[in-house]
Structures are given as structure tokens and as C-alpha cells.
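J.: Structure below; questions to follow.
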Amino acid sequence: MWDNGDTSLFTDSLTVGDHYVVIYDNSVPQDTAYFEIEQLAWDLYQFVYLFAGEIAVDMTASLTYGGVSLFNGYNCYPYSDSIVVYLLQNGVAIDSVTPIQLWGSSGMWTWLPSGYTYQTYLLDRSACGSYVYGEMVQTFSLDQAQLQIGMQAASGAPNGSIEVFGVVPDPGTPSPPPMPLTGELTLYTWPDEVTPVGPAQPGTTGYWDGLAPGDYLLVFASDLLCSPVDTVITVESTTGMANAAGGTAALRLWPVPATDVLHWSGGAQASVWLMDLQGRVLRTERNVSHLNVSDLAPGSYVLRFEDGRQGFFVKR
């Protein structure tokens, strides 16, 4: 409150919050002016996305109103060389950007591996002593994926078929994506890999028929993952299951889908493990040449042998 005929007002002792000034004329109140001193904070924006098959992180940091009346020490001033933005990978700083200009600075990190949580963190190391975190973003990896595939042989004519029952991570994948996956499946003749065999099919299941004997490349392009998952499948004279770990599997399972008894190529096996798609062992069998699956719930399963071979089948 001033009543000395002076129209100017100055003070540097106001705290953060709401204030007002009463204007008097000859000790008579004429008006009241309301104002607020804000506790300003840094704006930190980040964007995590796929770049050339790897993870990239963009960030932009700026201070509203250029740093006037800042933070708890409302008279302090943050200098750009006292401010740093860190890139955190699973909570650990792996790189940083400094100085940060008050009117705005940006940074970009590329070629980062997937399968980690990324986050930016701004720290003002001046007397202002402020900080702010960006959003924590989880990225996923599917370096070793499995396409659950059934193949029906062609009998001397273009009447073979390939069916995809699903796409799942290998058991033990360190940072698998949330299921179910989304994306699309495309089939090519191999090694031509030019014109698709029919249109791409959305989702993680697909079916192609009228196929001639020969090799085909099956590609799953995920909406969430960095790299496509692919495998080569041979349409031949037997019905079997292909393994997507890098080519046609030596192990063949039939019938596809299974209902009561599951058979495999290679004869009796010393040890057979029946597992779910999360890698949990449901049953162990010794010295068997087939497996009774009549008691299994409908769904997808993994069969693994002592020699390291494995295959996938669907129980109807």
C-alpha cells in the first residue's frame, strides 16, 4: 500500500504466491490490483521412437519466462552451463547434454539398443537447485522370435499351403514385448523375394494355399519391434512344423493341429519336454516316440528334445 503520490512501486521481498496492491488517492482506496508470483519449472519434452532399426531419443528443454522468479529461491538465476540433461538407461545415466539455454536446447541420441527403459533427466546444479524427469519409456526386443508355422505338402501340383498360428518370443527373451503382437505377415517365393505371394495379411496369423513345391520366405513386420522376423519354409511332400530360428526345422511334428496324439520325425527320444509359450515345463517324458496331448487345453505349445531341437504345435 502506497499513499505518497508516487505512481511507481518496487519490492524484491515478495514470496511465491498471490499478492495484491491497493491504490489510494488522499487516503481513499480507489482500486485493487491482483497479481501472482509463479514458481516456474523447466519444460522437458522427450520422444522415444524407432530409427533405422534401433531406438532413438529426442529431447527439448526450456524455461518459461526466461528464468525470472524461479523455483524456491525466487530471486536466483540459473546459468545455462550449470544445467545438464542426462539420458538414463534402466535408471543409469549413459550420456548427457550441457549447457542448456533458458530459451530452449535440444539433443538427440540414436543407435540405442532395444530392450531397455529410457528416460531423460534435467538437473539444475546452480543455486536454484531444481530438477525434472521425462517420461519413463520401456522399449522391447524380439531378437529371437518364433513363428508357429504349419505346412501342408503339395502333391505334384500347386496345392500346398502354409499356415501361421502365431508369433511368440523365444523362451528366455530378456525383454519380450507385451502380447499379443500386432503387425502383418507377408509371404515371398525364395530366393526371389520380389513379388509377394498374395497381399500381406494383418495380425499374427495367416494362411496361403495353392502353393507349388519349393522354398518360401515368410516375414512378420511388427508394429512395435525394430526388426522383422522371418524364416524360410519348404513346401514338400510331408506335413510338418517349421521352426523360425533360422530356416526350415529338421524336426517335423504331425498332425497339425494336434488333437489326441502328437508324432515327430526321428523316432524315440531319450528326453522330451512339453512347455508353454512362456518356457514353463508342463511335462517331461522319457524314451517316447509320440506324445498324448488329449488332456491339453486348446492353444499353442513348445516341444523340446534333449539334442536341442524344438518345434511348435497347436492343440485343437
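The values are calculated or read from the model by the stated rules, or taken from the named source; none is laboratory data. These figures come from a predicted structure and were not determined experimentally. Here the Cβ is made from the backbone with ideal geometry for all residues, glycine too, and neighbour counts use every protein chain on show. Calculation scope for accessible area: heavy atoms of the full protein, side chains included, ligands and nucleic acids excluded. Shrake-Rupley method; radii C 1.70, N 1.55, O 1.52, S 1.80 Å.
J.: Looking only at the range 76-88, how many residues end up being of a type outside the set (Val, Ile, Thr) and modelled with pLDDT of 95 or more?
T.: Here the count works out to 3.
J.: Follow-up. For the range 89-100, which residues satisfy the criterion of being open to solvent by 30 Å² or more (accessible area, probe 1.4 Å), in contact with a Leu (Cβ under 9 Å, 6 or more places away or on another chain) and either aliphatic (A, V, I, L, M) or at pLDDT below 90 (or both)?
T.: First pass over the range 89-100, keeping only residues open to solvent by 30 Å² or more (accessible area, probe 1.4 Å): 89-99.
Next cut, in contact with a Leu (Cβ under 9 Å, 6 or more places away or on another chain) only: 89, 93-97.
Result: 93, 94, 97.
J.: Any idea which of (1) within 23 Å of the chain's Cα centre (by Cα); (2) modelled with pLDDT under 80 is the one residue 139 doesn't satisfy?
T.: Of everything listed in (1) within 23 Å of the chain's Cα centre (by Cα); (2) modelled with pLDDT under 80, residue 139 misses just condition (2).
J.: Related question: Going through the range 264-283 one residue at a time, which ones are open to solvent by 60 Å² or more (accessible area, probe 1.4 Å) and in contact (Cβ under 8 Å) with a residue 12 or more places away in the chain?
T.: Hits for the range 264-283 are 266, 268, 273, 278, 282.
J.: Related question: If I ask for residues that are at pLDDT below 70, surrounded by fewer than 10 Cβ atoms within 10 Å (Cβ to Cβ) and farther than 27 Å from residue 131 by Cα, which ones from the range 1-58 would you list?
T.: 1, 4, 5, 6, 7, 8, 10, 11, 52
J.: Same structure again: Output the residues belonging to the range 123-136 that are surrounded by 21 or more Cβ atoms within 10 Å (Cβ to Cβ) and either at pLDDT 80 or above or under 30 Å from residue 232 (Cα atoms) (or both).
T.: 124, 130, 134
J.: Restricting the search to the range 178-213, which residues are of a type in the set (A, V, I, L, M, F, W, C) and open to solvent by less than 70 Å² (accessible area, probe 1.4 Å)?
T.: Result: 181, 185, 187, 197, 200, 208, 211, 212.
J.: Run residue 73 past the list (1) at pLDDT 70 or above; (2) open to solvent by less than 70 Å² (accessible area, probe 1.4 Å); (3) not in a strand (DSSP E or B) and report the number of the one that doesn't hold.
T.: (1)
J.: Moving on. State which residue is farthest from residue 167 (Cα to Cα) when the search covers only the range 289-308 and only residues that are buried (at least 17 other Cβ atoms within 10 Å of the Cβ) and under 29 Å from the mean Cα position of the chain (by Cα).
T.: Step by step, filter the range 289-308, then rank; the result is 304.
J.: Could you give every pair whose Cβ atoms fall below 9 Å, whose first residue belongs to the range 292-308 and is in contact (Cβ under 8 Å) with a residue 24 or more places away in the chain, and whose second residue is open to solvent by 20 Å² or more (accessible area, probe 1.4 Å) and aromatic (Phe, Trp, Tyr), counting only separations of at least 6 or pairs across chains?
T.: Pairs that qualify, where the first residue is in contact (Cβ under 8 Å) with a residue 24 or more places away in the chain and the partner is open to solvent by 20 Å² or more (accessible area, probe 1.4 Å) and aromatic (Phe, Trp, Tyr), are 293/301; 300/165; 302/273; 303/273; 304/273; 305/273; 306/273.
J.: Considering each of 232, 272, 219, 256 in turn, give the residue that is part of a strand (DSSP E or B) and at pLDDT below 85.
T.: None of the others qualify; the one that does is 232.
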